[in-house]
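Take a look at the structure below.
The values are calculated or read from the model by the stated rules, or taken from the named source; none is laboratory data. What you see is a predicted model, and the numbers here were worked out from it, not measured in a lab. Glycine also receives a Cβ, built like all others from the backbone with ideal geometry; neighbour counts cover every protein chain displayed.
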Ligand code: URA
Ligand code: SF4
């Protein structure tokens, strides 16, 4: 596993509430992505959330608005969550990397995948979010989040939609990233991808409804 020279660890306050963490993350310069994005896009949602949804990194819209999953992928996520019976307002939504990485393509800013160093550098923020919220369920959206949390050998294609138990922490469920649905080559493929995405989220929903006490 690549080891970055610096990680976000040094920016993380000792006593942390979500508000304190979010404030501290604004000043993070642990990797070069702070020069690339407009602002740190920290996680957002209920401070009582028992469920965390985690994506890869903010996109163009998220970078401009400073909020996770508010662009095209966010729309897909909202539709799928609703179809699966998960109330987004009772969850906490975040990304494994907190700055937008992009390269110019004409007038557009084209999303570029974060590399292993950047993922490792940013990881302490996610760990701090988990430590503070103590969720019961983590839904991993896409291979970047899934492999960062579950290891490089984890295969979303093979293990999507499974409840992955843990002895002391939250259970995990991995599925595709909502952008996979946006990238589907035609309508039929798109519908099929969406159906499978919703099916995975329904597995998480069934677990949540059975085991998770509702937010206070
Ligand atoms: N893609 C992500 O992984 N996260 C976002 O917040 C938006 C798009
Ligand atoms: Fe810090 Fe993460 Fe942004 Fe890198 S991507 S500067 S580690 S918040």
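Observations on the model:
- Residues in segment 170-188 that are in contact with a helix residue (DSSP H, G or I) (Cβ under 9 Å, 6 or more places away or on another chain) and without any contact (Cβ under 8 Å) to a residue 12 or more places away in the chain: 183, 184.
- Those residues of segment 90-103 which are within 15 Å of the chain's Cα centre (by Cα) and within 15 Å of residue 49 (Cα to Cα), in sequence order: 91, 92, 93, 94
- Residue within segment 150-157 that is within 25 Å of residue 211 (Cβ to Cβ), within 16 Å of ligand 2 (Cβ to nearest atom) and touching a residue at least 12 places away in the same chain (Cβ under 8 Å) present: no
- Cβ-Cβ contacts under 6 Å between residues 6 or more apart (or on different chains), taken from a first residue in segment 28-46 that is at positive phi to a second residue that is modelled with pLDDT of 95 or more, are listed as 45/91; 45/92; 45/93.
- When segment 122-143 is filtered for residues that are closer than 26 Å to residue 13 by Cα and part of a helix (DSSP H, G or I), the ones remaining, listed by number, are 122, 123, 124, 125, 126, 127, 128, 129, 130, 131, 132, 133.
- The condition of being within 16 Å of ligand 1 (Cβ to nearest atom), part of a helix (DSSP H, G or I) and touching a strand residue (DSSP E or B) at 6+ places or on another chain (Cβ under 6 Å) holds for only one of 146, 174, 180, that being 146.
- Residue match in segment 45-61 (condition: within 16 Å of ligand 1 (Cβ to nearest atom), out of contact with any helix residue (DSSP H, G or I) (no Cβ under 8 Å at 6 or more places or on another chain) and modelled with pLDDT of 95 or more): yes
- Matching residues, segment 183-198, being in a helix (DSSP H, G or I) and surrounded by fewer than 18 Cβ atoms within 10 Å (Cβ to Cβ): 187, 188, 189, 190, 191, 192, 195, 196
- Subset of segment 127-147 [within 16 Å of ligand 2 (Cβ to nearest atom), over 23 Å from residue 76 (Cα atoms) and buried (at least 20 other Cβ atoms within 10 Å of the Cβ)]: 128, 129
- Residue within segment 72-91 that is touching a strand residue (DSSP E or B) at 6+ places or on another chain (Cβ under 7 Å) and within 13 Å of ligand 2 (Cβ to nearest atom) present: no
- Cβ pairs under 6 Å, 6+ apart, first in segment 60-72 and over 14 Å from residue 98 (Cβ atoms), second buried (at least 23 other Cβ atoms within 10 Å of the Cβ) and modelled with pLDDT of 95 or more: 70/62; 71/59; 71/62
- Checking the stated criteria, residue 122 turns out not to satisfy the condition of being more than 27 Å from residue 182 (Cα to Cα), within 16 Å of ligand 2 (Cβ to nearest atom) and at pLDDT 95 or above.
- Of residues in segment 199-213 being surrounded by 17 or more Cβ atoms within 10 Å (Cβ to Cβ) and free of Cβ contacts under 8 Å to residues at least 60 places away in the same chain, the one farthest from residue 80 (Cα to Cα): 203
- The residue of segment 98-110 that is nearest to ligand 1 (Cβ to nearest atom), among those that are touching a strand residue (DSSP E or B) at 6+ places or on another chain (Cβ under 9 Å) and in contact (Cβ under 8 Å) with a residue 60 or more places away in the chain, is 100.
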